[in-house]
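The values are calculated or read from the model by the stated rules, or taken from the named source; none is laboratory data. Because the structure is predicted, anything quoted here is derived from the model rather than measured. As a convention, Cβ positions derive from the backbone with ideal geometry for all residues, glycine included, and neighbour counts pool all protein chains shown.
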């Protein structure tokens, strides 16, 4: 009922508004007419009252129309949202429809590539295809299943060919790499050969270089090569001779003693003897050490060996003793004693030769110059009851018996020589000459260190040199 009455109400309001407007216009016309005619104002009051009532009615109708308009606008706005949503859904559905239509058209226009693939003939496939491919069911349709199987067989052949091609490429790369490595190996072999050749020729060049520097060293007074040779030879000395050499050298350097030391003999023979002794002790081969020692040997050794061989030909007696009880060590210590007067170049008084009897563990000493016959007995009885004709200790006497006679030898085992060689604190059986830590540890043991300390406190070197000088000067005064 209200929904049907609303349109009539709205229509009546507009009609009432028109009627009221016309009534207002009529009253306004009457008022103008009365004013023009000059009629009494009482009529104007009545018309003014009606005009005011019409204005009130006009405003009421206007308000009613505006309220109704607002209500209709609100209803329109509330109805607009569902319409917009429905419109959006419509557009989405239309877009989806167009998409499906395009997809359908694309699928209808699709042209498969299987027709372009060159497959093996069906007879060849049935003949050569593996059983696992032919027996496997891939589709319910027979023609489609056969086509899929042929595709699988084609894929199988493609993978097999790819593997074979890849293995071929790998073999090819490996062959290239092998050729490259062969060339690199060849170049390395040539480089190694050239360097070995250079290294093999290097010792001869160094020897010639050292020999060329000898005159310069002698001119400048820098006997570097000679010192190296002496130090190298000193390492091969037996312990008693090493003590003699080292203590004489220490006396010279510390107190300016006017003496000169020299190590004579065959260094190579000393090396051979040392290696032979080490082999007997260890039961092992020492070829590598022997090679190292020979490489480190002084350059002048070849010339020295030639001179030694010529001298040995003139000494048959000493050579005959080398294999017996009186076998001597290949190296000997030669001491040149000079006058201790304050002179720029003091004269040489005499030269002493110290040698070591290996089997008897005895140090012998004698005058080096055989021409000075008067000096042969200068060492005899240098200390009381020390003639040098008997062995100095019981071990050597028991070993040698009565077969050793020193009367005819140029060197004799004087007691003071044993004392000078430190035989009182060295072991009676000397340690084998070895180039290892065993020898260094034994020589530097506590007993040897304490013995050397006593050795220096007793001034053994100074005492022996003073007695030899005084006896030589006395002999020269008598002559």
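Some notes on this structure:
Here is a yes/no grid of residues against (1) surrounded by 12 or more Cβ atoms within 10 Å (Cβ to Cβ); (2) in contact with a strand residue (DSSP E or B) (Cβ under 8 Å, 6 or more places away or on another chain); (3) assigned to a helix (DSSP H, G or I); (4) touching a residue at least 24 places away in the same chain (Cβ under 8 Å):
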position	(1), (2), (3), (4)
205	no, no, yes, no
209	no, no, yes, no
237	yes, yes, no, yes
276	yes, no, yes, no
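- For region 362-378, a residue qualifies if it is closer than 19 Å to residue 474 by Cα and at pLDDT 85 or above, and the qualifying residues are 366, 367.
- Here residue 408 fits the description: more than 60 Å from the chain's Cα centre (by Cα), surrounded by fewer than 19 Cβ atoms within 10 Å (Cβ to Cβ) and either modelled with pLDDT under 90 or assigned to a loop (DSSP other than H, G, I, E, B) (or both).
- Residue within region 330-342 that is under 25 Å from residue 258 (Cβ atoms) and at pLDDT below 75 present: yes
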